[in-house]
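The values are calculated or read from the model by the stated rules, or taken from the named source; none is laboratory data. Just so it is clear, the structure is predicted and the values come from calculations on it, not from any experiment. Here the Cβ positions follow ideal geometry from the backbone for every residue, glycine too, while neighbour counts run over all protein chains shown. Protein only, heavy atoms only, side chains kept; ligands, DNA and RNA dropped before computing areas. Shrake-Rupley method; radii C 1.70, N 1.55, O 1.52, S 1.80 Å.
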Amino acid sequence: MSQDAIVMLKAAHKQFRGLFRALQKASTTPARKGKLVEKIIELLTVHTYIENEVMYPRVRALLPDLEDDVLESYEEHHVADLLVMELVPMTWKDERFVAKATVLIENVEHHIEEEEQDWFPKVREGLSRTQLREIGAELAAAKETAPRRPEQPSALKKTLDAVIA
Ligand SMILES: [Fe+2]
Ligand SMILES: [Fe+2]
(Lines give C-alpha, C1' and ligand atoms only; values in the text may rest on other atoms or scores of the structure.)
(Ligands and ions follow the chains in the order given, each with its own letter.)
Protein backbone atom coordinates (compact mmCIF):
# COMPACT_ATOMS: atom_id res chain seq x y z
CA MET A 1 0.00 0.00 0.00
CA SER A 2 1.52 3.31 -1.01
CA GLN A 3 1.70 6.25 1.33
CA ASP A 4 -0.60 9.26 1.30
CA ALA A 5 1.07 12.12 -0.61
CA ILE A 6 0.51 14.71 2.12
CA VAL A 7 1.84 12.43 4.84
CA MET A 8 4.97 11.86 2.75
CA LEU A 9 5.59 15.53 2.03
CA LYS A 10 4.98 16.54 5.66
CA ALA A 11 7.52 13.95 6.80
CA ALA A 12 10.08 15.62 4.52
CA HIS A 13 9.16 19.04 5.92
CA LYS A 14 9.78 17.71 9.43
CA GLN A 15 13.22 16.55 8.38
CA PHE A 16 13.98 20.06 7.04
CA ARG A 17 12.89 21.66 10.30
CA GLY A 18 15.24 19.36 12.24
CA LEU A 19 18.18 20.27 10.00
CA PHE A 20 17.33 23.97 10.22
CA ARG A 21 17.30 23.82 14.01
CA ALA A 22 20.68 22.07 14.06
CA LEU A 23 22.11 24.71 11.75
CA GLN A 24 20.82 27.57 13.90
CA LYS A 25 22.24 26.16 17.15
CA ALA A 26 25.00 28.40 18.51
CA SER A 27 27.06 25.34 19.45
CA THR A 28 27.19 24.04 15.85
CA THR A 29 30.71 24.52 14.45
CA PRO A 30 31.17 26.32 11.10
CA ALA A 31 32.44 23.13 9.42
CA ARG A 32 29.42 21.21 10.69
CA LYS A 33 27.19 24.01 9.37
CA GLY A 34 28.78 23.44 5.97
CA LYS A 35 27.85 19.75 6.13
CA LEU A 36 24.31 20.55 7.27
CA VAL A 37 23.82 23.00 4.40
CA GLU A 38 25.04 20.32 1.96
CA LYS A 39 22.46 17.90 3.36
CA ILE A 40 19.70 20.55 3.23
CA ILE A 41 20.56 21.30 -0.42
CA GLU A 42 20.46 17.60 -1.32
CA LEU A 43 17.07 17.03 0.33
CA LEU A 44 15.69 20.29 -1.03
CA THR A 45 16.74 19.36 -4.57
CA VAL A 46 14.82 16.08 -4.30
CA HIS A 47 11.83 17.59 -2.51
CA THR A 48 11.22 20.53 -4.83
CA TYR A 49 11.76 18.24 -7.82
CA ILE A 50 9.10 15.70 -6.84
CA GLU A 51 6.65 18.45 -5.87
CA ASN A 52 7.24 20.26 -9.18
CA GLU A 53 7.01 17.10 -11.25
CA VAL A 54 4.17 15.30 -9.46
CA MET A 55 2.35 17.03 -6.60
CA TYR A 56 1.84 20.46 -8.10
CA PRO A 57 0.72 19.37 -11.60
CA ARG A 58 -1.63 16.73 -10.17
CA VAL A 59 -3.22 19.19 -7.73
CA ARG A 60 -3.51 21.82 -10.42
CA ALA A 61 -5.30 19.38 -12.73
CA LEU A 62 -7.57 17.83 -10.10
CA LEU A 63 -8.37 20.96 -8.07
CA PRO A 64 -8.41 23.99 -10.40
CA ASP A 65 -9.50 26.22 -7.49
CA LEU A 66 -6.01 25.81 -6.02
CA GLU A 67 -4.29 27.13 -9.16
CA ASP A 68 -3.14 30.37 -7.47
CA ASP A 69 -1.69 28.54 -4.48
CA VAL A 70 0.17 26.15 -6.75
CA LEU A 71 1.54 28.96 -8.92
CA GLU A 72 2.76 30.83 -5.85
CA SER A 73 4.45 27.67 -4.61
CA TYR A 74 6.27 27.24 -7.93
CA GLU A 75 7.59 30.78 -7.52
CA GLU A 76 8.74 30.07 -3.96
CA HIS A 77 10.58 26.97 -5.18
CA HIS A 78 12.17 29.15 -7.81
CA VAL A 79 13.49 31.62 -5.22
CA ALA A 80 14.91 28.69 -3.22
CA ASP A 81 16.53 27.32 -6.43
CA LEU A 82 18.27 30.63 -7.04
CA LEU A 83 19.63 30.81 -3.50
CA VAL A 84 20.76 27.18 -3.72
CA MET A 85 22.60 27.86 -6.99
CA GLU A 86 24.46 30.71 -5.28
CA LEU A 87 25.30 28.56 -2.26
CA VAL A 88 26.67 25.63 -4.29
CA PRO A 89 30.03 27.20 -5.23
CA MET A 90 30.52 28.59 -1.69
CA THR A 91 31.98 26.87 1.37
CA TRP A 92 31.47 27.50 5.06
CA LYS A 93 34.64 29.58 4.98
CA ASP A 94 32.97 32.20 2.81
CA GLU A 95 31.83 35.16 4.90
CA ARG A 96 28.41 35.22 3.21
CA PHE A 97 27.78 31.49 3.50
CA VAL A 98 25.83 31.42 6.78
CA ALA A 99 23.92 34.61 5.90
CA LYS A 100 22.83 33.18 2.56
CA ALA A 101 21.94 29.82 4.10
CA THR A 102 19.87 31.67 6.72
CA VAL A 103 17.92 33.51 4.03
CA LEU A 104 17.33 30.19 2.25
CA ILE A 105 16.04 28.64 5.47
CA GLU A 106 13.73 31.58 6.19
CA ASN A 107 12.29 31.26 2.69
CA VAL A 108 11.83 27.51 2.91
CA GLU A 109 10.27 27.74 6.37
CA HIS A 110 7.74 30.27 5.09
CA HIS A 111 7.02 28.07 2.08
CA ILE A 112 6.55 24.92 4.16
CA GLU A 113 4.18 26.80 6.47
CA GLU A 114 2.09 27.93 3.51
CA GLU A 115 1.90 24.43 2.09
CA GLU A 116 0.93 22.91 5.42
CA GLN A 117 -1.41 25.67 6.64
CA ASP A 118 -2.89 27.15 3.47
CA TRP A 119 -3.32 24.62 0.76
CA PHE A 120 -2.46 21.05 1.75
CA PRO A 121 -5.59 21.00 3.97
CA LYS A 122 -7.67 21.95 0.91
CA VAL A 123 -6.02 19.13 -1.05
CA ARG A 124 -6.86 16.69 1.76
CA GLU A 125 -10.46 17.91 1.65
CA GLY A 126 -10.75 17.88 -2.14
CA LEU A 127 -9.20 14.51 -2.95
CA SER A 128 -10.07 10.98 -1.90
CA ARG A 129 -7.72 8.76 0.12
CA THR A 130 -7.21 6.65 -2.98
CA GLN A 131 -6.21 9.68 -5.05
CA LEU A 132 -3.78 10.81 -2.35
CA ARG A 133 -2.24 7.33 -2.25
CA GLU A 134 -1.91 7.28 -6.03
CA ILE A 135 -0.09 10.61 -5.93
CA GLY A 136 1.99 9.22 -3.05
CA ALA A 137 3.05 6.29 -5.23
CA GLU A 138 4.01 8.71 -8.01
CA LEU A 139 6.00 10.84 -5.57
CA ALA A 140 7.85 7.75 -4.33
CA ALA A 141 8.64 6.73 -7.93
CA ALA A 142 9.84 10.25 -8.83
CA LYS A 143 12.08 10.24 -5.75
CA GLU A 144 13.96 7.25 -7.18
CA THR A 145 15.07 9.18 -10.25
CA ALA A 146 15.14 12.69 -8.77
CA PRO A 147 18.37 14.72 -8.98
CA ARG A 148 20.25 14.92 -5.68
CA ARG A 149 22.55 17.76 -6.64
CA PRO A 150 21.33 21.11 -7.99
CA GLU A 151 23.93 21.03 -10.80
CA GLN A 152 22.58 17.75 -12.22
CA PRO A 153 20.93 18.28 -15.63
CA SER A 154 17.38 17.47 -14.50
CA ALA A 155 17.68 19.91 -11.58
CA LEU A 156 19.19 22.61 -13.77
CA LYS A 157 16.42 22.15 -16.30
CA LYS A 158 13.86 22.76 -13.56
CA THR A 159 15.66 25.92 -12.44
CA LEU A 160 16.01 27.20 -16.01
CA ASP A 161 12.37 26.41 -16.86
CA ALA A 162 11.35 28.53 -13.88
CA VAL A 163 13.54 31.42 -15.07
CA ILE A 164 12.37 31.31 -18.68
CA ALA A 165 8.71 30.46 -18.15
FE1 LIG B 1 7.07 23.03 -1.88
FE1 LIG C 1 6.98 20.83 0.42
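Observations, loosely collected:
- In the stretch 70-92, the residues that are open to solvent by 50 Å² or more (accessible area, probe 1.4 Å) and under 16 Å from the mean Cα position of the chain (by Cα): Leu71, Glu72, Tyr74, Glu75, Val79, Leu82, Met85
- Against the list (1) touching a residue at least 40 places away in the same chain (Cβ under 8 Å); (2) open to solvent by 60 Å² or more (accessible area, probe 1.4 Å), the condition Leu66 fails is (2).
- With respect to the conditions (1) modelled with pLDDT of 95 or more; (2) β-branched (Val, Ile, Thr); (3) touching a Pro at 6+ places or on another chain (Cβ under 8 Å), Thr159 lacks only one, and its number is (1).
- Checking Ala22, Ala12 one by one, the residue that is in a helix (DSSP H, G or I), within 11 Å of ligand 2 (Cβ to nearest atom), open to solvent by 10 Å² or more (accessible area, probe 1.4 Å) and in contact with a helix residue (DSSP H, G or I) (Cβ under 6 Å, 6 or more places away or on another chain) is Ala12 and no other.
- So Glu114, is it more than 16 Å from Thr48 (Cα to Cα) and not hydrophobic (A, V, I, L, M, F, W, C): no
- Complete set of residues in the stretch 25-43 that are open to solvent by 60 Å² or more (accessible area, probe 1.4 Å), not in a helix (DSSP H, G or I) and not hydrophobic (A, V, I, L, M, F, W, C): Lys25, Ser27, Thr29
- Every residue from the stretch 93-107 that is charged (D, E, K, R) and crowded, with 16+ Cβ neighbours inside 10 Å: Lys100
- Test: Arg124 is surrounded by fewer than 17 Cβ atoms within 10 Å (Cβ to Cβ), closer than 25 Å to Gly18 by Cα, among the basic types (Lys, Arg) and out of contact with any strand residue (DSSP E or B) (no Cβ under 7 Å at 6 or more places or on another chain): yes
- Which listed residue, of Glu113, Glu95, Glu144, is without any contact (Cβ under 8 Å) to a residue 24 or more places away in the chain and more than 16 Å from the chain's Cα centre (by Cα): Glu95
- Of the residues making up the stretch 49-63, at least one is away from ligand 2 (no atom under 14 Å from the Cβ), open to solvent by less than 60 Å² (accessible area, probe 1.4 Å) and not hydroxyl-bearing (Ser, Thr, Tyr).
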